[in-house]
Amino acid sequence: MAGGLLAVLDDVALIARTASSSMDDVAAMAAKTSTKAAGVVIDDAAVTPQYVSNVTPARELPMIWKITKGSLRNKLIFILPVALLLNAVAPFLLVPILMVGGAYLCFEGAEKIAHKLFHSGEDDHDPTEKTPEDEDTLVKQAITTDLILSAEIMIIALDEVADQPLWMEFFVLLVVGIGITFGVYGAVGLLVKIDDIGLHMIEEDRGAGFGRVLVKGMPYVLQAIGIIGTIAMLWVGGHLIIRGLHEVLGFSWPHDVAEHLVHAAGGGALGWMAETAVSLIAGLITGFLVLFITKGVKRLVSARS
């Protein structure tokens, strides 16, 4: 009897160790895939604060929470099952979809640069205070934008674990979806409240000097995040385009150039910087090409109508 009990306990211990090891694998893969999607994640964090600008401080966090819940729905209810089904039925479509997403990221980055160069004097923000109806509209717009960025994040993550068992794919995407959502919108919530924290410190005369630094510095921080987000979009988008050209269309010249520079730099940080530079250039070229085409199509449509 005692021997049977010990055998059962051994089996339970083995199952526990296996489960623990599997969860460690899930965590490791989730961390790896999250870094691959870093560019889109940074862009997500850079885009969201604009939706809560000119909103009363008391409404900022409730709006961000609504957007957070919408983002979770996007990732876990809509994108995750579709992505798993796609990988099971038509895995050959993953890279072309990544190319389309990459082209979109490049377009967004190029459009931001073009706007800064040619329309920098225009103010995109409505200075009036938002009504509840305006807030609902802004939340819907933010969730729609998040749907596109979330799809890109989840497809990039899936591509990294596409050869794993279905249960592993599911749990990695689940961890990535939840982790990135709370990470991004938690950071956004902190960012939009930092100036309020600074004002509170000034009013309470506790660390007033540091409070003034927070209040004056936040616009520059948000501007820097926007610049980093734009660069990240072009870099990630360019990388996806280069990969797609190489694997789908057989056009390997950009890929070969990047590989040559990585080897010439000796790998490591310099190699990463070289590859990133090539991806950034490819992203700029792709982005402005798509921007030029879309502007031309819009003009043709307007002229005919």
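General observations
- Residue that is nearest to Gly109 (Cα to Cα), among those in the range 143-176 that are surrounded by 24 or more Cβ atoms within 10 Å (Cβ to Cβ) and among the small types (Gly, Ala, Ser): Ser150
- Odd one out for Thr181 among (1) modelled with pLDDT under 85; (2) closer than 22 Å to Leu72 by Cα; (3) among the polar types (S, T, N, Q): (1)
- Close Cβ contacts (under 8 Å, 6 or more residues apart or on different chains) running from residues in the range 232-254 that are closer than 14 Å to Ala277 by Cβ to residues that are outside any helix (DSSP H, G or I) comprise Val236/Ala37.
- Counting only helices (runs of 4 or more DSSP H) that sit wholly inside the range 21-111, those with at least 2 residues that are modelled with pLDDT of 90 or more and either buried (at least 16 other Cβ atoms within 10 Å of the Cβ) or hydroxyl-bearing (Ser, Thr, Tyr) (or both) are 57-72, 80-89.
- For the range 192-208, the criterion of being farther than 17 Å from Ser150 by Cα and surrounded by 21 or more Cβ atoms within 10 Å (Cβ to Cβ) is met by at least one residue.
- Scanning the range 248-278 for residues that are closer than 20 Å to Pro96 by Cα and polar (S, T, N, Q) returns a single hit, Ser252.
- The helices (runs of 4 or more DSSP H) falling completely within the range 196-305 that include 1 or more residues that are over 27 Å from Val52 (Cα atoms), modelled with pLDDT of 90 or more and of a type in the set (Phe, Trp, Tyr) map to 253-264, 268-304.
- Qualifying residue in the range 50-65 (condition: β-branched (Val, Ile, Thr) and under 16 Å from the mean Cα position of the chain (by Cα)): no
- Residues that are closer than 24 Å to Leu234 by Cα and at pLDDT 80 or above, drawn from the range 119-148: Gln141, Ala142, Ile143, Thr144, Asp146, Leu147
The values are calculated or read from the model by the stated rules, or taken from the named source; none is laboratory data. Computed from a predicted model, the values in this text were never measured in an experiment. When we count neighbours, we look across all protein chains shown, and the Cβ atoms used for this are built from the backbone with ideal geometry, even at glycine.
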